[in-house]
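Participant: Following this message is one structure expressed as structure tokens.
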Amino acid sequence: MTGHAIGDVVLRGEGLRKAYVGLVAVDDVSFHVRRGEILGLVGPNGAGKTTLVDLITGIQRSDAGTLTLDGEGLVGPTAVRARRGLSRTFQHPHLALELTVRENLLVGAAAQRFPSWWRMTAGVVTDGIRHRRQEQERVLRIAQELGVPGLDEPCANLSLGEQRLVEVARALTQDPLVMLLDEPFAGADADSIAGIIDAIRQVQARGHAVILVDHNVDLLTSLADRVMLLAQGRQVFEGAPADCLASPEMQRVYFGTSQEEAA
């Protein structure tokens, strides 16, 4: 924790559930995250972390439960939820590798104004100079603040860690209420991890809420204000990072030991 100001609850989930044939991926999970807060999601592979993020962003539909964003019900497809104030990154970067860093960021900045990707494509071609100038200025400002390298470099030429930083910046160009970062450090080298950490801190300092998923427990708990531990789709612990690390639930489901065995 960093002593920063944390505001009111901006995103809340109640009783979320998602089941497939023979598998309950998310089982009665409830959570909340506040403005300026980082909520860390931890748990072993198959715990339901990415599925929960998919339910929040509308990539998958929940079988039960409710979501509210900024006090109002959150429903509809991904594009609608993005316009309401959700943005995310993915386990594997979703960038147009043939486009430059600048062009990828401009796509993110323009997406906020359009209800679907095909309308955005048409709109970017036909909209006025004023929108383009505003979005270009926003992209340049965010890139400078987050230390995004090589604006005119094709994303295909970037390292995986640099691509992940571009994804964080692109999500921020949409000025979201909540950013959902799914394993933003995976495969990144030490320099890129440091850059992504700085970017997340800046996102938080702006007052955005962040939901952070990552397998690097030490790194995640050093960033998060609260941690929620998932196991087999269920929420088994929620609280301060240090309390989570010391909990018997963490020892059992994440490290495969009990406190007695670890002693």
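Participant: Please list, ordered by chain and number, the residues whose modelled amide H lies under 5 Å from the amide H of R88; skip anything fewer than 5 residues away on the same chain.
Facilitator: L180
Participant: Please get the size of the charge dipole for the chain, origin at its Cα centre, with Cβ charges of +1 on Lys and Arg and -1 on Asp and Glu, quoted in debye to the nearest 20.
Facilitator: Rounded to the nearest 20 debye, it is 1040 debye.
Participant: Helix 160-172 sits at what angle to the longest principal axis of the chain, using alpha carbons and giving 0 to 90 degrees rounded to 10?
Facilitator: 80
Participant: Still on this structure, I have one more. Determine by what factor the alpha-carbon radius of gyration of the stretch 9-262 differs from 2.2 N^0.38 Å, reporting the quotient. Provide the component values of the computation, followed by the final result.
Facilitator: Numbers: Rg = 18.4 Å, N = 254, 2.2 N^0.38 = 18.0 Å.
After normalising by residue count via 2.2 N^0.38 Å, the value is 1.02.
Participant: A further question follows. So for the stretch 9-262: antiparallel DSSP bridges make up what percent, rounded to the nearest 5?
Facilitator: The answer is about 55 percent antiparallel.
Participant: From Cα pairs below 8 angstrom and at least 6 apart in sequence, can you work out the relative contact order of the stretch 9-262, rounded to a whole percent? All intermediate terms of the calculation are to be shown ahead of the outcome.
Facilitator: Numbers: 488 pairs, mean separation 71.0, N = 254.
Reported as a whole number, the value is 28 percent.
Participant: May I pose another question? Which angle from 0 to 90°, rounded to the nearest 10, does the C-alpha axis of helix 117-126 make with the longest principal axis of the chain?
Facilitator: Approximately 20 degrees, to the nearest ten.
Participant: Positive end of the charge dipole of the stretch 9-262 (Lys, Arg +1 and Asp, Glu -1 on Cβ, about the Cα centre): tell me which of L151, T66, V166 has its Cα farthest that way.
Facilitator: T66
Participant: Okay, next question. Between A19 and T66, what is the FRET efficiency for a Förster distance of 25 Å, r being their Cβ-Cβ separation, to the nearest 0.05? If you can, show how the numbers build up before the last one.
Facilitator: Numbers: r = 17 Å, r/R0 = 0.67.
The formula returns an efficiency of 0.90 here.
Participant: Given H placed on each backbone N at 1.01 Å, which residues far from R226 in sequence or on other chains put an amide H within less than 5 Å of it?
Facilitator: I38, G40
Participant: Explain nothing, just compute: Karplus ³J(HN,Hα) = 6.51 cos²θ - 1.76 cosθ + 1.60, θ = phi - 60°, for every residue of the stretch 226-241 in order, whole Hz, x for Gly and Pro.
Facilitator: 9, 10, 10, 9, 10, 8, 6, x, 10, 7, 10, 7, 8, x, 5, x
Participant: Continuing with this model, one more query. Would you mind checking which residues have amide H under 5 Å from R234's amide H? H placed 1.01 Å from N; only 5 or more apart, or other chain.
Facilitator: Amide H neighbours of R234: D27.
Participant: With a sphere of radius 12 Å drawn around the Cβ of A242, what net charge do the other residues whose Cβ falls strictly inside it have (Lys, Arg +1; Asp, Glu -1)? Please list the in-between numbers first.
Facilitator: Working: positive: R226; negative: D218, D225, D243.
Overall, the nearby charge balance is -2.
Values quoted throughout were computed directly from the atomic coordinates according to the rules given, and no laboratory measurement underlies them. The shown structure was predicted, so the numbers you read here are calculated from the model rather than taken from an experiment. Positions of Cβ are backbone-derived with ideal geometry, glycine not excepted, and every protein chain shown enters the neighbour counts.
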